[in-house]
Each structure stands twice: as C-alpha cells, then as structure tokens.
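Just so you know, all these numbers are worked out from the coordinates, no wet-lab data involved. This is a predicted model, so every value here is computed, not measured. Cβ: placed from backbone, ideal geometry, glycine included. Neighbour counts: every protein chain shown.
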Amino acid sequence: AQKVTQAQTEISVVEKEDVTLDCVYETRDTTYYLFWYKQPPSGELVFLIRRNSFDEQNEISGRYSWNFQKSTSSFNFTITASQVVDSAVYFCALRDSGGSNYKLTFGKGTLLTVNP
Amino acid sequence: DTAVSQTPKYLVTQMGNDKSIKCEQNLGHDTMYWYKQDSKKFLKIMFSYNNKELIINETVPNRFSPKSPDKAHLNLHINSLELGDSAVYFCASSHRSASTDTQYFGPGTRLTVL
C-alpha cells in the first residue's frame, strides 16, 4: 500500500525567510509519480509540480524548488524568500503504477503561514 | 475559460435530503475523479471514471452514486444525507496516460448537512 507522510502539520515563518516542507512516501512500485499541490485560503487546489520516479533531477521554478531523493523516499519542497501570498496548505501526493488505478494518495498537508 | 468547474460552490441542506453536485471539464481529458476533503483537510479519493466507465470505487457508502453522462461531465448524487457527509467535495480530471496524468481540480463544493 502506498503512503505519504507530511510530518510538519503547521509551519510559521516571517516574510523573506526560506522554508522547506517535508514529504516522505512509501510505495512498493519502482515506477511512481509524485506531486505537490497548493491550497490557498480561498480553497481551490492548485497543481505545482509532477515528478516521475525515474527522474531524480531537482527542479527550480522561480522561488520554488523541489528536492527528490529516492534513497530516502523524500520529495521536499522549498520556498525561498517566502511571501505572504505563499500562505496556504501544501499537499504532497503519490500515484503508483498500479494497473488501471490512477488515484492520488495525499499526505495530510502542511499549513504554511507567512507573516509580514 | 474555466478548466474544471463544479456547481454549486456551497450546498447547505437538511439531514435526510438528496442532493447532487455537478462537475464539468473543458480540458479534453478522458478521466474524472471525485475526492472528499474532511474537516481536517484530509483528501481521499472516492470515485473515478475513464471514458464513462467506473474504474475506481473506494469504500464509500452506497448512498453516494456517481454518474458520467459523457467524458466531460461527472456528477455526484448523494441520497439520505447524514451529518458526517459534511465536507468539501472536489472534482478533478486528467488525461489517462502515464506521462500526462496530472490531475487538475475544480474549485470544490462545500457541503453542510444540518
């Protein structure tokens, strides 16, 4: 069975600080896909990134970066120079290659509060 | 140019009533999903349809019945609503291919059962 653990329930930082959100996953598959979604206070779920298990290259998109390490089954998300607009719940999710089952298994989310 | 839309956005109803939530996507995707987000923000898959065929049916009370009239629509009907059904329900869609299966979510429907 697949599982996603986001150990940090809540994080509070001051604007311009860097912050890393942790995500640890479990799966028996060798092929799987990892995702991050953002849920701002308005409630919608916004897709941020998708990573395949066979691509361990880290990715940077503006102030966002992702560190994928298969050796530790982690897919951590770093926001550099955080801003108040980054305040949201962030979800890490996993989809394995299980046949026709394309469901996402989500972690419980990390509530990030960026204070001015 | 909304990608995945849901109606209504808010739904307040009495216990025992029957209600429906509608979802439509204009992304040309062939797979649609329903997720439930509880009061603790935990997201869990309920159903998934691919080309109008049910492919995921998690352990959900049979008071919940999804219906997909075509690839672009997936509705959720709930009979005999209970207090515990209060949650935010998200519709999502994706193209069912290993390389392009990112799920895009609708804005959610907040259901409150009184």
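Loop-only chymotrypsin sites (Phe, Trp or Tyr not before Pro) in the range A:12-116, please: DSSP not H, G, I, E or B, and at most 10 other Cβ atoms within 10 Å.
Passing sites in the range A:12-116 are A:F54.
What are the GluC sites (Glu not before Pro) within the range B:42-114 that DSSP puts in a loop, where the Cβ has at most 15 other Cβ atoms within 10 Å?
For GluC sites (Glu not before Pro) across the range B:42-114 that sit outside H, G, I, E and B with at most 15 neighbouring Cβ atoms in 10 Å, the list reads B:E58, B:E82.
Kindly state, to the nearest 0.05, the FRET efficiency for A:V84 paired with B:N62, given R0 = 45 Å and r defined as their beta-carbon distance.
Values: r = 45 Å, r/R0 = 0.99.
The computed FRET efficiency comes out at 0.50.
Which FRET efficiency value, to the nearest 0.05, is calculated for A:E17 and B:R110 with the Förster distance at 30 angstrom and r the Cβ-Cβ distance? Mind dumping the intermediate values first?
Values: r = 32 Å, r/R0 = 1.07.
It comes out at approximately 0.40.
Taking each residue in B:39-45, count the Cβ atoms of any other chain within 10 Å of its Cβ, then average. What number comes out?
Average neighbour count from other chains, rounded to a whole number: 5.
With the cut-off at 1.5 for a/c, could you classify chain B from its C-alpha gyration tensor as rounded, prolate or oblate? Could the numbers behind the result be given before it?
Numbers: a/c = 1.80, a/b = 1.69, b/c = 1.07.
Verdict is prolate for chain B.
What pairs from A:K16/B:K41; B:K41/B:K71; B:K9/B:K41 go past 23 Å between their alpha carbons?
Too far apart for the 23 Å limit: A:K16/B:K41; B:K41/B:K71.
Let me know the charge dipole size of the range B:1-112 about its Cα centre in debye, to the nearest 20, where only the beta-carbon of Lys, Arg (+1) and Asp, Glu (-1) is charged.
Here the range B:1-112 has a charge dipole of around 220 debye.
How many angstrom lie between the Cα centre of the range B:66-114 and the Cα centre of the range B:24-46?
With the range B:66-114 and the range B:24-46 each reduced to a Cα centre, they are spaced 4 Å.
Over the range A:1-107, what is the percentage of antiparallel beta bridges among all DSSP beta bridges, to the nearest 5? Don't jump to the answer; show the numbers that get you there.
Details: 32 of 32 bridges.
Looking only at bridges with both residues in the range A:1-107, the antiparallel portion is about 100 percent.
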